[in-house]
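Presented below is the structure to which this report refers.
The values are calculated or read from the model by the stated rules, or taken from the named source; none is laboratory data. Just so it is clear, the structure is predicted and the values come from calculations on it, not from any experiment. Cβ atoms come from the backbone with ideal geometry, glycine included; neighbour counts cover every protein chain shown. Calculation scope for accessible area: heavy atoms of the full protein, side chains included, ligands and nucleic acids excluded. Shrake-Rupley method; radii C 1.70, N 1.55, O 1.52, S 1.80 Å.
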Protein chains: 2
Amino acid sequence: MSASFSFTLEKTDGGARLGRITTAHGEIQTPVFMPVGTAATVKGMHPESVAATGAKIVLGNTYHLMLRPGADRIERLGGLHRFMNWPGPILTDSGGFQVMSLAKLRKLTEDGVTFQSHIDGSRHTLTPESSTEIQRKLDATITMAFDECTPFPVDRKGAAESMRLSMRWAVRSREAFVARPGYGQFGIVQGSVFPDLRAESIEALTKLDFEGYAVGGLAVGEGQELMFKTLDTTTPLMPVHKPRYLMGVGKPSDIVGAVLRGIDMFDCVMPTRSGRTAQAFTRRGTVNLRNARHMDDPRPLDEHCTCPACRNYSRAYLHHLVRAEEMLGPMLLTWHNIQYYQDLTAGLRDAIANGTTQQFVADFEAGQALGDLEEVPVYGLGK
Amino acid sequence: MSASFSFTLEKTDGGARLGRITTAHGEIQTPVFMPVGTAATVKGMHPESVAATGAKIVLGNTYHLMLRPGADRIERLGGLHRFMNWPGPILTDSGGFQVMSLAKLRKLTEDGVTFQSHIDGSRHTLTPESSTEIQRKLDATITMAFDECTPFPVDRKGAAESMRLSMRWAVRSREAFVARPGYGQFGIVQGSVFPDLRAESIEALTKLDFEGYAVGGLAVGEGQELMFKTLDTTTPLMPVHKPRYLMGVGKPSDIVGAVLRGIDMFDCVMPTRSGRTAQAFTRRGTVNLRNARHMDDPRPLDEHCTCPACRNYSRAYLHHLVRAEEMLGPMLLTWHNIQYYQDLTAGLRDAIANGTTQQFVADFEAGQALGDLEEVPVYGLGK
C-alpha cells in the first residue's frame, strides 16, 4: 500500500544506518531529528527558521490538536501543512501517550481511552479508529498507530498485558488507516524492558506490514543504560527495510547511542523546551545562558554553529536577553538548539556515509566531556 | 559640527515633508517610523525581520539599558549596534521620560533626577551630562537632550517652569555632547499646550544648533485634537532644514495627522505592544485576533500586506496561536504591526513625492472607517 511511501537503506556502518524516506511531502534523509510542533507550531520559531536549520519533517500532537483548534477545523482549513505553513512531511503521534500523561480522569478500556481535556475539562474518547481518523483529517504524512505507552517501572505481567492491548489496537489502527500515495502509518513496538515481549510485539506488528516501526515505551525513566540495552535486543529483530523511530528521544548522547543501535528517526521536546529555559546544547556540552559568567563574554555561544544566535550575537547579549526576559532569548536559543540537533544528525549521516562513525562518536564524546569552561576548540561535528 | 549628519528636505505637499537624513550608520527616508527596541531588542522580532519590514532606524531606551546590562558593558562589547545586531541608525532617548514614569522614589533637582531602579531598587542619578555620556557609550547615532517631560494637565506656570528647566538642561546636554561625524543630537521642544511657551522653547533650542528637534510632552493624555492643535502652532516655528521628531506617537491616525503638520519622525511602542496582546493594525482599522469570529476564517489578516503573518497564514491560525498562547502569535502579529507602520510611512512618502497626500489621507480614513467586518477591499496604502 501507499506505493510512493518508501524507505531506502543506503549504507550501514556497524549498526548505524544511512537511509532515505520518500513521502508525498518530500524526502527525508536518516538518521533524522524531528522538531516537535505540539500545537501546530514549533514553539518560538517561524517555520522558515525551522527549515533553515535543515529540518525536513516536524511532529504534531494529536491530543493537543484535537482539543484545540480541532481536527475537523484543521481539515476544513486545508490540513495541518497549510494551517501551520509547513509544506514538508509531518508526523503526528496517536494521542495515546499524552492522553495518559496530560489529560484528567482518564479511563482505559479495551475500546480506547476516555479522558477530560486539560484545557477545559471537556470529555473525549480516543480509540484506534478515532485516532487514525483524526490523523487523516490533520493530513499527517506519517500516522502513528494508537497504543498504550507502558509505564515504567512495570512487572512482566503488566508489561505483557499492556503490550498485547497495544497489539490488538495496532490491528484496529491498521484497518482504520486510509492508504494514500506517499502517506504511511507506523506501528509501535512495546514490551518495556523485556526482550521476549519486545520480540512478540515485533512479530505481531510486522504481520500488519506497516510503512515503518517505532520503538515506544522508552525514555520513560529507565535510564540511558537500560534504554540502550533494550535497543540492543530489539532493533535486530525489526524489519531492515523499514524506517525505525525511537519515540520521544532524547539527549544528544541518547541519539548518538541509538543511531549506533540502528535507529533512524527521533523526536524530542528537549531542544525547544531547553531553549525556553536558557539551556543550550553545544559541541562542548550544555551551557546555561542565565549563568552570570556570560555577562561580559563577547564570544559566540558555539563558534562552530551557523545559527543566528551563534553567528550574530555574543554570549553577553544572549545572557542579557535571558535576564531581561525578552522573547528574543527563547527565540534565539530554540533556534540554536534545533540547529544543534540538525547538525548532530547531519554529522552522523556524513559519518555513516564515510564509514567514520566510530571516529565521529569519539569526537562527539570528547567534546561533551571537555565541557564549556575549557578553551580548546573542538570540531566534533565535523563542520 | 558632525559634518556628515545631514537632513535634506526633498519635497513638500501642503504641510507634509519628504526628506532624507544621512548618518554614520546609513540613510533614513522621512517621514519615518522607528520601532522601539527598549532593552536592545524589538520585542519578539529578529533584527533581520525588523529590517525586512523596511525599518531603517530603531530606538533604544537609556533608562533600561543603563540599568541592564549597563552602558559601560555595552561600550566594552562594541556598542549597541553590535550588541543587538542592528548595524543601521539607532536613536536613544535621554532616560528622562522613563525615569519619571517607571522609576521609584524619584527626586528632581536643578542638577538632574535621582531615582531607584524598577528592577532592583538600586539608586541612580541622571543629569544632562550623564545621560549624554551614557548615550555616547551606547554609540547612539542620534542622542536626545535630557529633559523633563512636562506632565499633563499642567497650569501655565508649571509648564513654563518645567520647560525652562529643560532648556537649561538642553544647554548642558549640548555642551556634554561629543561631536562625531555622522552622529547627531536632538533638542526637545517643551511647553505643553501653550503656544507662547512652545515658541520660547524653540527659540532657546535653535540657538544651540542641534542636528534635529523633537516635540516632547505630547501624547501624554491631551488627546488627538489638542495634540494636533499644538502642532499647528509649533511646527511652523521649527527650523525647516532640520528633522522634526514627535516623541512617543502614536496611533496610525496620529501619525498621518502629524505628517500633515510637518513632522518627520515617530516612535511608539503601540505596534509591538499591541502585537503581544493580539491587536493588529490593518488598512481597515484594528483587528482583535482573540475574537472568536476568526476561528474558522481562512482569509489573511490583511490581504494587501506583504508580511509573513498575512502572506502565509489564515486568521484562523493566528487566532489559534493567540488562544493557545503560543509565542509565534506575538511574533507574527508584532511583525505585521511593524510592517503596517512601515507601509503607512512608505505610503505617505510616496504620496508626498507624487503630490497626492490629500488623496492618500482620504483613502486612509475611508479604510479605517470601513472597519474590518466589511467585505469591500480597500487599497488605502497604495500597494
Whether any residue in the stretch A:130-147 is open to solvent by 40 Å² or more (accessible area, probe 1.4 Å), out of contact with any helix residue (DSSP H, G or I) (no Cβ under 7 Å at 6 or more places or on another chain) and at pLDDT below 95 is what I want to check.
no
Per-region count, the stretch A:334-376, residues touching a Pro at 6+ places or on another chain (Cβ under 9 Å) and either among the acidic types (Asp, Glu) or farther than 19 Å from A:GLN29 by Cα (or both)
6
Contact list please: Cβ distance under 8 Å, first residue in the stretch A:283-303 and open to solvent by 60 Å² or more (accessible area, probe 1.4 Å), second residue among the β-branched types (Val, Ile, Thr), pairs at least six apart or on different chains.
A:ARG290/A:VAL322
Which condition from (1) more than 20 Å from A:PRO330 (Cα to Cα); (2) open to solvent by 10 Å² or more (accessible area, probe 1.4 Å) is the one that B:GLY60 breaks?
(2)
Does at least one position in the stretch B:290-303 carry a residue that is in contact with a Cys (Cβ under 8 Å, 6 or more places away or on another chain) and within 14 Å of chain A (Cβ to nearest Cβ)?
yes
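Does the stretch A:255-265 contain any residue that is over 25 Å from A:PHE364 (Cα atoms) and assigned by TED's automatic domain parsing to the domain that holds A:PRO31?
Looking through the stretch A:255-265, none of the residues is over 25 Å from A:PHE364 (Cα atoms) and assigned by TED's automatic domain parsing to the domain that holds A:PRO31.
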If you scan the stretch A:93-113, which residues turn out to be modelled with pLDDT of 90 or more, in contact with a helix residue (DSSP H, G or I) (Cβ under 9 Å, 6 or more places away or on another chain), open to solvent by 10 Å² or more (accessible area, probe 1.4 Å) and not in a loop (DSSP other than H, G, I, E, B)?
A:PHE97, A:GLN98, A:ARG106, A:LEU108
The number of residues in the stretch A:68-81 that are under 27 Å from A:ASN337 (Cβ atoms) and open to solvent by 30 Å² or more (accessible area, probe 1.4 Å) is 1
Tell me, please, whether a residue that is on the phi > 0 side of the Ramachandran plot and of a type in the set (A, V, I, L, M) can be found in the stretch A:278-301.
yes
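What about B:GLY187, is it without any contact (Cβ under 8 Å) to a residue 60 or more places away in the chain, under 18 Å from B:ILE90 (Cα atoms) and not hydrophobic (A, V, I, L, M, F, W, C)?
Considered against the rule, which asks whether it is without any contact (Cβ under 8 Å) to a residue 60 or more places away in the chain, under 18 Å from B:ILE90 (Cα atoms) and not hydrophobic (A, V, I, L, M, F, W, C), B:GLY187 comes out as yes.
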Does A:PHE364 qualify as being more than 14 Å from chain B (Cβ to nearest Cβ), in a strand (DSSP E or B) and among the aromatic types (Phe, Trp, Tyr)?
no
Of the residues that sit in the stretch A:316-325 and are open to solvent by 10 Å² or more (accessible area, probe 1.4 Å) and free of Cβ contacts under 8 Å to residues at least 24 places away in the same chain, which one is nearest to the other protein chains (Cβ to nearest Cβ)?
A:ALA324
In the stretch A:114-127, anything out of contact with any His (no Cβ under 8 Å at 6 or more places or on another chain) and outside any loop (DSSP other than H, G, I, E, B) is listed as A:ARG123, A:HIS124, A:THR125, A:LEU126
Cβ-Cβ distance below 7 Å, separation of 6 or more or different chains: which pairs start in the stretch A:64-87 with a residue that is within 9 Å of another protein chain (Cβ to nearest Cβ) and more than 14 Å from A:ALA140 (Cβ to Cβ) and end on one that is open to solvent by 20 Å² or more (accessible area, probe 1.4 Å) and β-branched (Val, Ile, Thr)?
A:ARG68/A:ILE119
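Let's see how each residue does on (1) surrounded by fewer than 16 Cβ atoms within 10 Å (Cβ to Cβ); (2) within 14 Å of chain A (Cβ to nearest Cβ); (3) more than 30 Å from A:GLY44 (Cβ to Cβ); (4) under 15 Å from the mean Cα position of the chain (by Cα):
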| position | (1), (2), (3), (4) |
| --- | --- |
| B:SER6 | no, no, yes, no |
| B:LEU9 | yes, no, yes, no |
| B:THR12 | yes, no, yes, no |
| B:ILE21 | no, no, yes, no |
| B:GLU27 | yes, no, yes, no |
| B:PRO35 | no, yes, no, yes |
| B:THR41 | no, yes, no, yes |
| B:HIS46 | no, yes, no, no |
| B:ALA55 | no, no, no, yes |
